[in-house]
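Trainee: Below you'll find the structure I mean.
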Amino acid sequence: MSDRGDLWAHRVLRLAFVILCIRIFPHAGTLLADYLPVDRWSPLWDVIHHGVQLLLTLGVMMFLSRSLSLRDIGFNLNHASWSLKCSGVFAIIWIAGVVVWVLFIGTDLNPHIGEILYSFTLEGLSEELLFRAFVIGMLHPVFAHTFPLLRKGISVAGIISIVLFALAPLAIVFDPFSISYVDPLVQLLTICFALMYAIMFEYSHSLLGPVLVHNLSNGILLLVIYLFRLFGA
């Protein structure tokens, strides 16, 4: 087989493995959370679900790349000041956007404190470890070509991570194949956020920025809605 053929074989195998993992890890978390005597979609259920996902992702990454440390995976403070600045700017813009949305469009969400605390902490860590550190880390050796974007650039591996992340909220049935639920606004926001997470991760090689912004995107949304509900606005 030619070098080009070998490269495409490695690409297909790595991509298939990544897709398999991002299907199995969340499903394993769901199975365990459902097995335990906790209410589904409660904060405790979410903690168990994402905790299992996080541990499986980290375990597989450490097993496959035994030479890597936690710092190499993304648990470091590379470009920390830049990440914090970006997170702060995002928080200000996102708060304004959510307030406008709630005032003029409205929402059926009715979050409580447990959901808000969970959204500000574990959710972003689990999702970014899986979709950024794991997916990009696994695919970058064979999908390393980088496109200039927003002065930082994004690799093909980063673009694939965005596509996989955007597909995650869809209710997909495989036999027969169908997509039973699509929310266009959610999909648009998911793609925009995933693009931001991927650029931040690839630029800094750190999970700090993506995790902070991911947590802020979810936590601020629920907190603003909670405050509107609390004060009767």
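The values are calculated or read from the model by the stated rules, or taken from the named source; none is laboratory data. Computed from a predicted model, the values in this text were never measured in an experiment. Cβ sites come from the backbone with ideal geometry, for glycine too, and all protein chains shown count toward neighbours.
Trainee: Looking at the range 183-195, I want the residues that are surrounded by 11 or more Cβ atoms within 10 Å (Cβ to Cβ) and have a partner that is hydroxyl-bearing (Ser, Thr, Tyr) with Cβ atoms under 9 Å, at least 6 apart or on another chain. Which pairs are those?
Mentor: Going by the 9 Å Cβ cut-off, the qualifying pairs are Leu189/Ser217; Phe193/Ser217; Ala194/Ser161.
Trainee: Scan the range 62-81 residue by residue and report those that are of a type in the set (A, V, I, L, M, F, W, C) and modelled with pLDDT of 95 or more.
Mentor: Phe75, Leu77, Ala80
Trainee: If a residue has to be at pLDDT below 95 and either in contact with a Leu (Cβ under 9 Å, 6 or more places away or on another chain) or of a type in the set (Val, Ile, Thr) (or both) to count, how many in the range 120-136 make the cut?
Mentor: Summing the residues that are at pLDDT below 95 and either in contact with a Leu (Cβ under 9 Å, 6 or more places away or on another chain) or of a type in the set (Val, Ile, Thr) (or both) in the range 120-136 gives 2.
Trainee: Quick one: in the range 44-55, which of the residues that are without any contact (Cβ under 8 Å) to a residue 40 or more places away in the chain and in contact with a Pro (Cβ under 9 Å, 6 or more places away or on another chain) is nearest to Gly137 (Cα to Cα)?
Mentor: Across the range 44-55, the extreme among qualifying residues is Val52.
Trainee: Taking only pairs six or more apart or across chains, which ones have beta-carbon atoms under 7 Å, a first residue in the range 94-117 that is without any contact (Cβ under 8 Å) to a residue 60 or more places away in the chain, and a second residue that is surrounded by fewer than 16 Cβ atoms within 10 Å (Cβ to Cβ) and part of a helix (DSSP H, G or I)?
Mentor: Once the first residue is without any contact (Cβ under 8 Å) to a residue 60 or more places away in the chain and sits in the range 94-117, no partner that is surrounded by fewer than 16 Cβ atoms within 10 Å (Cβ to Cβ) and part of a helix (DSSP H, G or I) comes close enough.
Trainee: While we're here: Scanning for something under 18 Å from the mean Cα position of the chain (by Cα), buried (at least 16 other Cβ atoms within 10 Å of the Cβ), closer than 25 Å to Gly232 by Cα and touching a residue at least 24 places away in the same chain (Cβ under 8 Å), does the range 62-76 turn up at least one residue?
Mentor: No, that holds for no residue.
Trainee: Would you say Gly97 is under 21 Å from Glu202 (Cα atoms) and assigned to a helix (DSSP H, G or I)?
Mentor: So Gly97 fails the test.
Trainee: Further question on the same structure: Given the conditions (1) farther than 26 Å from Val135 by Cβ; (2) at pLDDT 95 or above, which single one is not true for Leu84?
Mentor: (1)
Trainee: Right, next: Restricting the search to the range 77-94, which residues are surrounded by 13 or more Cβ atoms within 10 Å (Cβ to Cβ) and not in a helix (DSSP H, G or I)?
Mentor: Correct list: Asn78, His79.
Trainee: Also: Counting only residues that are more than 21 Å from the chain's Cα centre (by Cα) and surrounded by 11 or more Cβ atoms within 10 Å (Cβ to Cβ), which one in the range 13-48 is farthest from His145 (Cα to Cα)?
Mentor: If we take residues in the range 13-48 being more than 21 Å from the chain's Cα centre (by Cα) and surrounded by 11 or more Cβ atoms within 10 Å (Cβ to Cβ), then Val38 is farthest from His145 (Cα to Cα).
Trainee: A follow-up question, please. Take the range 122-145 and flag every residue that is more than 19 Å from His214 (Cα to Cα) and crowded, with 16+ Cβ neighbours inside 10 Å.
Mentor: Applying the first criterion (more than 19 Å from His214 (Cα to Cα)) to the range 122-145 yields 138-145.
Residues satisfying the conditions are Met138, Leu139, His140, Val142, Phe143.
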